[in-house]
Amino acid sequence: MDFELSEEQQDIKKAAQEFAEGEFRDIARECDINEDYPPSLLKKGAELGFVGVFIDEDHGGAGLGFLEHALIMEEFWKVDPGLGQQFCSVTFGSEEFLLFGTEDQKRKYLPPLVEGKSIMGFAITEPDAGSDTAAASTSAVLDGDEYVINGSKVMIGNGSVADFMLVFCLTDPEEKSKSGRHSIMVVETDRKGYDADRMHGKMGLRASDTSNIFFSDLRVPKENLVGERGKGFYQLMEFFDRSRAYVAAHGVGLAQGALDMAAKHVKNREQFGQKIASFQATQFKIADMATKIELARTLTHKACSLLDKGRPDTTVTAIAKMFSGRAAVEVVDEALQFHGGYGYFNDEDVERFYRAAKVLEIYEGAKEIEKMIIGRRVLGRY
Ligand SMILES: Cc1cc2nc3c(=O)[nH]c(=O)nc-3n(C[C@H](O)[C@H](O)[C@H](O)COP(=O)(O)OP(=O)(O)OC[C@H]3O[C@@H](n4cnc5c(N)ncnc54)[C@H](O)[C@@H]3O)c2cc1C
């Protein structure tokens, strides 16, 4: 067992850190306030090779792994969760092409993502189907050589900026098993019948795009089916085994950024005639924060390494995602506490990090869903 990153991985981490420090730091607060990001930033990051590193070389990627993707995301989220999220979201769902797509689909959709020439998203959630993904009712009905899609999705990353979207659709409603009713379609967003409106007022990650999407008699050729008809639910679970591993890295990055801010603040700020850092209560809190981050990082790297070895472990990934989300929420809460009243204003970055953290316990599987997965797998059949 080797707990050290390779030289190449350390170089990737350092390059990602330098990019985020250089490009995110000065604009992050404005992007949060304006609920926007500069598209040129995505392009620049893609040109430097930070987008979709897990995509194989035959399809335009670097042919690296999810661990390298996670290392980049950790560094990005450490500097700004909102811009980090936007970077991560542009390839969100591309795993489905890698796992289940046809060669034509891979060649068509993957290279432009890596080059920063296109953006995708994955539309799963619906107003009445959140944690219960198998309740999704957006329908895709085969009509000749085309599927006709009707329905709506909510809270979808890149819904209003994506070039194409994977859509989790109900194709076989008569199927007895709930897990055999869905299929995944790729939908180009310039097709007639696609409509999106951007959601405003998001608590955190405000630089990133989140939208409602509506499908009204939208037609796609039947070749736009990704994977097998009726197997969408299983394909989705395989996707979550991957996405949850790098979402865990988001939590690690956010928490590390918050700890760094806290450490800087307590070493500068004096009360009662001494640095706040000199109180033992402070040192104990800092120790707890560092411990949570180290544990979250170790779990995340384990989940990613197993993926990269071709042995995804659903339990380890769920533990990593749940633990990192909680660590991020707890660590940033203490970090803001250290800043006192100043931390309550958006002059301090910690305020933005505090607002960003909560979603890590909600999306990509709420913490209760992760617990359900872990509990069921530990107990097995009984
Ligand atoms: C910023 C942001 C970005 C998002 N991006 C995307 C995206 O790109 N694509 C996409 O498809 N979706 C996206 N989502 C949606 C997200 O995945 C859902 O919010 C999430 O799956 C939870 O669904 P819900 O909000 O409907 O909550 P519900 O399913 O209504 O759950 C609400 C709460 O009920 C509890 N709960 C639910 N089920 C159980 C259970 N079985 N046992 C115990 N407790 C339970 C949990 O506490 C849960 O938090 C995004 C959401 C946000 C906030």
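Some observations on this one:
- Residues of region 58-96 that are within 16 Å of the ligand (Cβ to nearest atom) and either in a loop (DSSP other than H, G, I, E, B) or in contact with a Lys or Arg (Cβ under 6 Å, 6 or more places away or on another chain) (or both): ASP80, GLY82, VAL90, THR91, PHE92, GLY93, GLU95.
- Condition check for LEU299: of a type in the set (A, V, I, L, M), within 30 Å of ASP241 (Cβ to Cβ) and either in contact with a Pro (Cβ under 8 Å, 6 or more places away or on another chain) or surrounded by fewer than 21 Cβ atoms within 10 Å (Cβ to Cβ) (or both): no
- Taken over region 192-230, the criterion of being free of Cβ contacts under 8 Å to residues at least 60 places away in the same chain and either under 12 Å from the mean Cα position of the chain (by Cα) or within 30 Å of ASP313 (Cα to Cα) (or both) is satisfied by THR210, ARG229, GLY230.
- Only a single criterion out of (1) over 22 Å from LEU83 (Cα atoms); (2) away from the ligand (no atom under 16 Å from the Cβ); (3) loosely packed, with under 14 Cβ neighbours inside 10 Å is not satisfied by TYR344, namely (1).
- Pick from region 209-234, criterion within 14 Å of the ligand (Cβ to nearest atom) and touching a helix residue (DSSP H, G or I) at 6+ places or on another chain (Cβ under 8 Å), ranking: modelled with the highest pLDDT: PHE233
- Failed condition for ARG206, given (1) within 14 Å of the ligand (Cβ to nearest atom); (2) surrounded by 16 or more Cβ atoms within 10 Å (Cβ to Cβ); (3) basic (Lys, Arg); (4) within 20 Å of GLY151 (Cα to Cα): (4)
- Among residues of region 118-131 that are within 14 Å of SER208 (Cβ to Cβ) and in a loop (DSSP other than H, G, I, E, B), those with a Cβ under 9 angstrom from a residue that is of a type in the set (Phe, Trp, Tyr) and more than 6 Å from the ligand (Cβ to nearest atom), sequence gap 6+ or separate chain, pair up as ILE119/PHE164.
- Within region 173-201, tally of residues that are within 21 Å of GLY151 (Cα to Cα) and in a loop (DSSP other than H, G, I, E, B): 10
- So ASN224, is it of a type in the set (S, T, N, Q) and closer than 22 Å to LEU98 by Cβ: yes
- When we screen PHE164, PHE168 for residues that are within 12 Å of the ligand (Cβ to nearest atom), crowded, with 21+ Cβ neighbours inside 10 Å and of a type in the set (Phe, Trp, Tyr), the only hit is PHE168.
- Residue among GLY159, GLY230, GLY151, GLY204 that is on the phi > 0 side of the Ramachandran plot and either of a type in the set (Ser, Thr, Tyr) or not in a strand (DSSP E or B) (or both): GLY230
- If only residues of region 77-90 that are buried (at least 24 other Cβ atoms within 10 Å of the Cβ) and polar (S, T, N, Q) are counted, the one that is farthest from PHE240 (Cα to Cα) is GLN86.
- Hits in region 357-382 (condition: in contact (Cβ under 8 Å) with a residue 40 or more places away in the chain, over 19 Å from ALA129 (Cα atoms) and small (Gly, Ala, Ser)): ALA357
- Boolean, THR300 is of a type in the set (S, T, N, Q), touching a residue at least 12 places away in the same chain (Cβ under 8 Å) and closer than 27 Å to GLU238 by Cβ: yes
- If the condition is being of a type in the set (D, E, K, R) and within 20 Å of the chain's Cα centre (by Cα), then region 331-357 contributes ARG352, ARG355.
- Meets criteria (within 16 Å of the ligand (Cβ to nearest atom), farther than 19 Å from GLY253 by Cα and surrounded by fewer than 16 Cβ atoms within 10 Å (Cβ to Cβ)) for ARG376: yes
- Qualifying positions in region 1-57 - aliphatic (A, V, I, L, M) and outside any helix (DSSP H, G or I): MET1, LEU5, ILE27, LEU48, VAL51, VAL53, ILE55
- Residues in region 112-157 that are surrounded by 22 or more Cβ atoms within 10 Å (Cβ to Cβ) and near the ligand (Cβ under 7 Å from one of its atoms): GLY121, PHE122, ALA123, ILE124, LYS153, ILE156, GLY157.
- Only residues that are without any contact (Cβ under 8 Å) to a residue 12 or more places away in the chain and not hydroxyl-bearing (Ser, Thr, Tyr) were counted in region 40-57, giving 1.
The values are calculated or read from the model by the stated rules, or taken from the named source; none is laboratory data. As the structure is a computational prediction, the values presented were derived from the model and not from experiment. Cβ coordinates were reconstructed from backbone atoms using ideal geometry, including for glycine residues, and neighbour counts include every protein chain displayed.
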